Amino acid sequence: SEQGIYYALDLGGTNFRVLRVQLGGQRSILEPDVERQPIPQHLMTSTSEDLFDFIASSLKEFVEKEGDGSDTSLMRRRELGFTFSFPVKQTSVSTGILIKWTKGFGIEDTVGREVSECLEQAMARKGLNMRVAALVNDTVGTLALGHYHDPDTIAAVIIGTGTNACYLERTDAIIKCQGLLTTSGGMVVNMEWGNFWSSHLPRTSYDIELDADSPNPNDQGFEKMISGMTPLMAEMHEDDSPELTEVARILKDTLEIPDVPLKVRKLVVKVCDVVTRRAARLAAAGIVGILKKIGRDGSGGITGGRRSDIKMKRAVVAIEGGLYTSYTMFREYLHEAMIEILGEEAAEHVILM
């Protein structure tokens, strides 16, 4: 039912985005205005002040473009939603302490600090009258948006440069919240599932080498088996020309391997297929894990055994990220695995949005 103009800042990867949105009530969003900007490489490892000053300056320029440009419009205080997609100890709806950086960031003096305060101080230095009204992880933002359009949304998953998931949990089922008084019976849990690890994950020698070569060895194990840093793999995988000309071009231009015979080009496509199919199936298994945890996988609860007399409720999972939205084969493999794990009957009640 919310109405009015709101701002949002999304910091969670190689780009940051600023957004102005007008909410019209009745679940309607009118004319969103978005600008995205790359974060200069040196700022990702510089100082907290440098990074947040850069962001605050960009935000100020964006705000100054609002409306009729009269000075009075800049006087009033604006509300900002801050999407900050890094592991955070959330202390209130609008505050949180950075636990650690991921995705190539490494600014030591921000770790352990309250991130909304870092941003608000920078905005004050730039003369921008703005308050962080809400701090969320991108996964939580996706859940909120999914729920805004469809109240049956119970979980959200990001599958792109990184992967993560969150879901709606009963407060009494959250062990670390026992004793905390909350007014509602449910709470959103940001799982940070990219860092999940288990001896059951089918790790090959290639996974071990990739992990050892990465900037964060022994971290984000599940993410490294699922996420996609490059569109080149999708392009090679989806090359349907008889001579695999796209595969040949990428091998030559990007990997500097010219004159690869057709037989080997076919093998490259097969490798892309194997890696992608495994990634999609692991992501599907993770989604089913959430449904199982909250009793929405159709198995009739922990006691096991399907109860045909219980009509399954619709469960919507909101999914965002380029790997899922832009990579057809990945998406098809994920859907196929969902049906395989849940069974066709139960899978019909799970809607991936």
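The values are calculated or read from the model by the stated rules, or taken from the named source; none is laboratory data. Since this is a predicted model, take the numbers as computed values, not measurements. FYI the Cβ positions are ideal-geometry reconstructions off the backbone, even for glycines, and counts take in every protein chain you see. Quick note on the areas: whole protein, heavy atoms, side chains included, nothing else; ligands and nucleic acids left out. Shrake-Rupley method; radii C 1.70, N 1.55, O 1.52, S 1.80 Å.
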Item to complete: State whether one or more residues within region 59-66 are at pLDDT 80 or above, acidic (Asp, Glu), open to solvent by 70 Å² or more (accessible area, probe 1.4 Å) and under 26 Å from ASP109 (Cβ atoms).
Response: yes
Worksheet item: Among the numbered criteria (1) within 27 Å of GLY322 (Cβ to Cβ); (2) out of contact with any Ser or Thr (no Cβ under 7 Å at 6 or more places or on another chain); (3) aliphatic (A, V, I, L, M), which single criterion is violated by VAL63?
Response: (1)
Worksheet entry | Selection status of GLY286, at positive phi, crowded, with 16+ Cβ neighbours inside 10 Å and touching a helix residue (DSSP H, G or I) at 6+ places or on another chain (Cβ under 8 Å) | no
Discussion item. Scan region 36-52 and tell me whether some residue there is farther than 26 Å from GLU223 by Cα and touching a strand residue (DSSP E or B) at 6+ places or on another chain (Cβ under 7 Å).
Written reply: no
Response to the item:
When region 132-178 is checked residue by residue, the ones that are over 26 Å from TYR327 (Cβ atoms), assigned to a strand (DSSP E or B) and open to solvent by 20 Å² or more (accessible area, probe 1.4 Å) are ALA133, ALA134, LEU168, ARG170
Worksheet item: What number of residues within region 254-270 satisfy the criterion of being closer than 16 Å to MET233 by Cα, open to solvent by 80 Å² or more (accessible area, probe 1.4 Å) and assigned to a helix (DSSP H, G or I)?
Response: 3
Fill in: Pick from region 90-123, criterion closer than 24 Å to PRO217 by Cβ and without any contact (Cβ under 8 Å) to a residue 24 or more places away in the chain, ranking: least open to solvent (accessible area, probe 1.4 Å)
LEU98
Item to complete: Quick one: in region 189-205, of everything that is open to solvent by less than 40 Å² (accessible area, probe 1.4 Å) and outside any loop (DSSP other than H, G, I, E, B), which residue is nearest to SER92 (Cα to Cα)?
Response: VAL189
Worksheet item: In region 179-188, how many residues are at pLDDT below 90, under 19 Å from LYS89 (Cβ atoms) and open to solvent by less than 90 Å² (accessible area, probe 1.4 Å)?
Response: 3
Discussion item. So, in region 34-53, exactly how many residues are open to solvent by 40 Å² or more (accessible area, probe 1.4 Å) and farther than 17 Å from LYS103 by Cβ?
Written reply: 5
Item to complete: Looking only at region 222-235, count how many residues are outside any loop (DSSP other than H, G, I, E, B) and open to solvent by 20 Å² or more (accessible area, probe 1.4 Å).
Response: 5
Worksheet item: For region 10-33, does any single residue satisfy the condition of being open to solvent by 80 Å² or more (accessible area, probe 1.4 Å) and in contact (Cβ under 8 Å) with a residue 40 or more places away in the chain?
Response: yes
Worksheet, complete the sentence: Expected single match for at pLDDT 90 or above and not aliphatic (A, V, I, L, M) among GLY106, GLY112, GLY69, GLY96 is GLY96
Discussion item. Regarding region 281-288, can at least one residue be identified that is touching a strand residue (DSSP E or B) at 6+ places or on another chain (Cβ under 8 Å), at pLDDT 95 or above and closer than 22 Å to ILE174 by Cα?
Written reply: yes
